[in-house]
Amino acid sequence: MDGFLFIAFPYVALILAIGVGIYRRRRRPYTYSSLSSQLLENRKLFWGSVPWHYGITLILLAHLLAALFPGLAGRILGGRIRLLVLELTGISLAFYALFGLIVLIIRRLPTTSRVRHATSYMDGILLGFFLIQVATGVSIAIFERWGSLWYLRTAVPWFWSLVKLHPETATVTSLPGIVRVHFVLGFAIILLFPFSRLVHLVMFPIKYLWRPYQVVIWNRRTRKVESTEVMQ
Ligand code: HEM
């Protein structure tokens with residue numbers, strides 16, 4: 001079972017995410033979107049979307065940077081005060097993201113909600129996975145102390161062994177159940193990427209950096225011009 005969860009499943013998730021992601025981008029490019037529901041409801045979207053996106057982006061960036069530069073991360077986390085400050089920052093960001101996610105879910109609950117009617121089955125699954133993932137992340141950070149440190153000696157070697165096509169699971173299979181659930185669900189979310197509106201992640205508007213700037217102007221005459229014309 002461990003072989004499936006920590007070796008086969010991560011590879012299947014990654015291969016499908018990349019393969020189906022490219023296929024969808026080529027075949028159905030206009031479905032590569034978050035399908036904004038801003039016109040249906042704006043107030044709760046703001047209070048949900050902003051905390052969720054800022055919180056989760058910073059947390060995932062920390063996950064990624066620590067995996068890419070474990071030596072540097074280890075040195076930074078080596079000092080007691082720095083470890084405490086970074087762990088507290090992680091937990092605060094996690095609660096911030098959790099708050100946003102709960103608002104986004106509540107926004108879809110009422111049967112009369114217009115957003116609910118625009119919510120697909122896959123959106124529901126994705127929100128459910130995110131909720132469990134953030135909840136398990138927070139629980140690990142609180143109850144399985146100093147996760148940012150042991151992450152470097154457990155998950156990171158496992159990741160790199162997968163990258164090098166030489167899977168080594170010994171560092172992760174003996175971890176507590178909640179930690180293993182968090183790791184496997186992490187790959188389940190990667191698997192959902194090409195089948196859901198998560199694809200908008202790679203549509204981050206980096207083209208804005210090099211495309212010519214736009215000038216946005218009203219396509220109607222101002223009152224002043226109109227009144228001058230009337231006087232003439
Ligand atoms: C296989 C992939 C993943 C691994 C190995 C992993 C590992 C971890 C570990 C070890 C912690 C505890 C950190 C600490 O105590 O400071 C943690 C926390 C957390 N994780 Fe993950 N994670 C993964 C994927 C994800 C994903 C995909 C999400 C969200 C979509 C996520 C969200 C969180 C959150 C919200 C926390 C709590 C905040 C924090 O302390 O950093 N994780 N994760």
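The values are calculated or read from the model by the stated rules, or taken from the named source; none is laboratory data. Values in this document were obtained by computation on a predicted structure and should not be read as measured data. Here Cβ is always computed from backbone atoms with ideal geometry, including for glycine, and neighbour counts include all displayed protein chains. The protein model used for the area step is the full one, side chains on, heavy atoms only, and it has no ligands, DNA or RNA in it. Shrake-Rupley method; radii C 1.70, N 1.55, O 1.52, S 1.80 Å.
In the stretch 6-44, how many are modelled with pLDDT under 95 and over 19 Å from VAL199 (Cα atoms)?
Within the stretch 6-44, residues that are modelled with pLDDT under 95 and over 19 Å from VAL199 (Cα atoms) number 6.
Do you know which residues across the stretch 63-109 are open to solvent by less than 60 Å² (accessible area, probe 1.4 Å), farther than 21 Å from THR154 by Cα and not in a helix (DSSP H, G or I)?
Selection gives ARG107, ARG108.
I'd like to check something: does the stretch 171-180 contain any residue that is assigned to a loop (DSSP other than H, G, I, E, B), among the polar types (S, T, N, Q) and open to solvent by 70 Å² or more (accessible area, probe 1.4 Å)?
Initial filter on the stretch 171-180 (assigned to a loop (DSSP other than H, G, I, E, B)): 174-176.
Next cut, among the polar types (S, T, N, Q) only: 174.
Imposing the further condition that a residue be open to solvent by 70 Å² or more (accessible area, probe 1.4 Å) reduces the set to 174.
There is at least one residue in the stretch 171-180 that is assigned to a loop (DSSP other than H, G, I, E, B), among the polar types (S, T, N, Q) and open to solvent by 70 Å² or more (accessible area, probe 1.4 Å).
Determine which member of the set ILE140, ILE106 is aliphatic (A, V, I, L, M) and modelled with pLDDT under 95. Before the answer, list the steps.
Details: ILE140 fails: modelled with pLDDT under 95.
Of ILE140, ILE106, the one residue that is aliphatic (A, V, I, L, M) and modelled with pLDDT under 95 is ILE106.
Considering only the stretch 15-31, how many residues are open to solvent by 70 Å² or more (accessible area, probe 1.4 Å) and closer than 14 Å to ILE190 by Cβ?
So the first thing to find is which residues in the stretch 15-31 are open to solvent by 70 Å² or more (accessible area, probe 1.4 Å), and the list is 15, 18, 22-23, 25-28, 30.
Imposing the further condition that a residue be closer than 14 Å to ILE190 by Cβ reduces the set to 15, 18.
Residues that pass the stated criteria total 2.
So in the stretch 120-167, with the set limited to residues that are over 21 Å from ILE59 (Cα atoms) and surrounded by 16 or more Cβ atoms within 10 Å (Cβ to Cβ), which one is nearest to the ligand (Cβ to nearest atom)? Quick ask: steps written out before the conclusion?
Start the filter on the stretch 120-167 by keeping residues that are over 21 Å from ILE59 (Cα atoms), which leaves 120-125, 161-167.
Retained after the next criterion (residues that are surrounded by 16 or more Cβ atoms within 10 Å (Cβ to Cβ)): 123, 161-162.
Numbers: ASP123: 15, SER161: 13, LEU162: 10 Å.
Ranking the qualifying residues of the stretch 120-167, first place goes to LEU162.
For the stretch 104-119, give me each residue that is away from the ligand (no atom under 16 Å from the Cβ), among the β-branched types (Val, Ile, Thr) and closer than 30 Å to ILE142 by Cα.
Keep residues of the stretch 104-119 that are away from the ligand (no atom under 16 Å from the Cβ), which gives 106-119.
Then drop every residue that is not among the β-branched types (Val, Ile, Thr), which leaves 106, 111-112, 115, 119.
Answer for the stretch 104-119, where residues must be away from the ligand (no atom under 16 Å from the Cβ), among the β-branched types (Val, Ile, Thr) and closer than 30 Å to ILE142 by Cα: just ILE106.
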